[in-house]
Amino acid sequence: MASDDSSNVPLQELTGAAAATAAVVPPVKSPKLKLYSFWRSSCSQRVRIALNLKGLEYEYKPVNLLANEQSDPEFERLNPIKYVPALVDGETIVADSFAILLYLEDKYPQYPLLPQDPKKRALNIQIASIVGSSIQPLQNYPVWNFIEEKLDSNEAIKWTQHHINRGFTALEKLLKGCSTKYATGNEIQLADVFLEPQIYGGIKRFGIDMSVYPVLARLHEAFLEHPAFLAALPEKQPDAPSL
């Protein structure tokens, strides 16, 4: 699924994504991956973070959601439900950020995002599922546009803030007492890859007050000190509008 804000960049290949510069491990020399992405999509941001962490070079293929480029036959062939992101790895096509992240874990095991310990592994998946299933889908374009059309933009904002706050409240309770640098340990793991794009978007786009979520706020600060997260920020993408 995806986020929002406009861009007039056509659906064409762009190179020079910041993955290599932010890599935690040396870039993997293999046929370059292609990531179909929208600069402000939190789902795409998750995948960009993971690619950076794993040191995987990729070609950035912008899909302007506000220009309805997701309905372009070329992109619909990659993902019939017409959401970003989509990843092309040679002959393999994977759509949906969660599926892409699991594919990357299996295919490119360097810098693993899922711990071996069953309890920590389950916690990572639970956090990812809360973000991916109970928060982000309720703020995406189809839902936002439907509410705005039936009511107005103010109601759409209230709806979004309500569901983000509901999810953040649950995450804050789940992470109560967290004393590690990141959500489930002192290394970046899957939970962090899901958390930061949602926190960042909540602050920047929807004005969420993070003072009531001290654990999430602390994690957010830690994420923004990590090069893999910085390189994946929406405003640093090739299709982000210039100021």
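The values are calculated or read from the model by the stated rules, or taken from the named source; none is laboratory data. As the structure is a prediction and not an experimental result, all values here were calculated from the model. All Cβ positions, glycine included, derive from the backbone under ideal geometry; neighbour counts span all protein chains shown. Ligands, DNA and RNA are stripped out before the accessible areas are found, and what is left, the full protein with its side chains, is counted by its heavy atoms. Shrake-Rupley method; radii C 1.70, N 1.55, O 1.52, S 1.80 Å.
Accessible surface computed residue by residue for segment 118-235, with neighbouring protein chains in place and a 1.4 Å probe, gives 47 Å² per residue.
Projected onto their three principal axes, the Cα atoms of segment 33-111 cover extents of 36, 25, 19 Å, largest first. Which of the chymotrypsin sites (Phe, Trp or Tyr not before Pro) across segment 39-137 are loop residues per DSSP, with 11 or fewer other Cβ within 10 Å? Loop-located and lightly packed - none at all. The simple Förster model, with R0 at 41 Å and r as the Cβ-Cβ distance, assigns Val212 and Tyr103 a FRET efficiency of 0.70.
Surface composition of segment 33-111: carbon plus sulfur atoms hold 51% of the accessible area, using a 1.4 angstrom probe and ignoring ligands, DNA and RNA. Going toward the positive end of the dipole of segment 33-111, with +1 on Lys and Arg Cβ and -1 on Asp and Glu Cβ, which of Ser42, Gly55, Val94 do you reach last? It is Ser42. For segment 59-140, lysine pairs with C-alpha atoms less than 28 angstrom apart, excluding pairs fewer than eight positions apart on the same chain, total 5.
The simple Förster model, with R0 at 41 Å and r as the Cβ-Cβ distance, assigns Ala67 and Ser134 a FRET efficiency of 0.90. At the residue level, Arg205 shows approximately 50 square angstrom of accessible surface with a 1.4 angstrom probe and all protein chains present. Count Lys and Arg as plus one, Asp and Glu as minus one, and take only other residues whose Cβ is under 13 Å from that of Ile49; the net charge is then +2.
Summing Lys and Arg as +1 and Asp and Glu as -1 over all other residues whose Cβ lies under 14 Å from the Cβ of Val212 gives a net charge of +2.
Once the 1.4 Å probe is applied to the protein heavy atoms, segment 33-111 comes out at 34 Å² accessible per residue.
The accessible surface of segment 117-243, taken with every protein chain in place and a 1.4 Å probe, is 55 percent carbon and sulfur. The simple Förster model, with R0 at 25 Å and r as the Cβ-Cβ distance, assigns Asn186 and Gln110 a FRET efficiency of 0.85.
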